[in-house]
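One structure is given below, encoded as C-alpha cells.
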Amino acid sequence: MRCLSIVVTLSLVITISIQDCPDGWHKSEVVPNKCYYVGIQKKTWFDAEASCQSAQPNAHLTSITSAFENSNVEAVVISTPSDSGCGQFWIGGNDIEQTGQFEWVDGSSWGYARWGPGQPDATQQCVSSTALQNGQWKTEPCGAENCFICEMYLGGSTSSSPITTPSMTTTSAAAPATMTDCWDWFVNGAHTDGIYSINPDGRGSFNVFCDMTTDGGELQKIRNIGQKILAKFEVTSTNGK
C-alpha cells in the first residue's frame, strides 16, 4: 500500500509539471509553471489588472523579477500578432501605495528593474514596458491606455508567495458626480473590495482599487491614495475625451 501511495504521488507530480497553459497563453521559459497572456486591447492600468483577474484564477498583470524573465516576456510579446498599434504594455509594477516604493500587484518581491533613461518618473505611478522594442520600463499615468501582459501560474500558486487578494468587483457604470473617492462608494453601500470608478473633480472618471473590508485607518489610507492619484496622474474620462 505504501508503494502504491508513492507511485500515485509521483504520477500527480509528473502530471502537474507537464500541464499546458490555457489556449492563448504562453508558457514561461524561465519561471516554472508560469504562463503569460498578451492583451492587445488598450486599457487603463486598473482595467488591465481587472481583465487579467477575470481571465484566469489567480491571474494578475505580470511581475518580472529577473533579466532572464524580462527577455522571455519580450519574446512572448514579439511573437503575439497585433495590429492595434501597441507601443507600451502595462505590467504589474506600481508605487501607488507609497511614492518611490515600487511593488508588484501579485505580491512578488521587488528587486529587479529595467528602467529606461530618466526613469522612473516620480510624478507617475504605474509601470509599462516597451516590450516590442528594447524591454525597458517607464512610469506612466495609471489612467493612460496601453496594451498589457497578464500572468498566471499552473496549479493556482506562485513561486513568490503573493499577497492574498480578496474577490474583486468591477463597477462598469460611470461614477456618479458624488463618488469622488472610495469612501463615497463605501457610505453608499459598496462594501466589497474591487475596482471602482471615481470622479474627484467632475472632469472625468477613472478606476481605482478600493479596499472596502479593512477598518479605520486603512480605509482612510485608501481615501488618501485616491487623492494622491488625482494629484499625480492625468484624469482619463470615461468617454475618452
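Quick look at the numbers
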| quantity | calculated |
| --- | --- |
| Neighbours by Cβ (under 7 Å, 6+ apart or cross-chain): first from segment 126-152, farther than 11 Å from Cys86 by Cβ; second at pLDDT below 95 and surrounded by 24 or more Cβ atoms within 10 Å (Cβ to Cβ) | Gly143/Phe206 |
| Count of segment 181-203 residues which are modelled with pLDDT of 75 or more and touching a Cys at 6+ places or on another chain (Cβ under 6 Å) | 1 |
| Hits in segment 65-105 - residues which are touching a residue at least 60 places away in the same chain (Cβ under 8 Å) and touching a Phe, Trp or Tyr at 6+ places or on another chain (Cβ under 7 Å) | Thr65, Val73, Val76, Val77, Phe89 |
| Yes/no for Pro81 being on the phi < 0 side of the Ramachandran plot, in the same structural domain as Cys126 (by TED's automatic domain parsing), at pLDDT below 95 and under 16 Å from the mean Cα position of the chain (by Cα) | no |
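The values are calculated or read from the model by the stated rules, or taken from the named source; none is laboratory data. Everything quoted here is computed from the prediction, not taken from an experiment. Don't worry about glycine lacking a Cβ; one is built from the backbone with ideal geometry, like all the others, and counts go over all protein chains shown.
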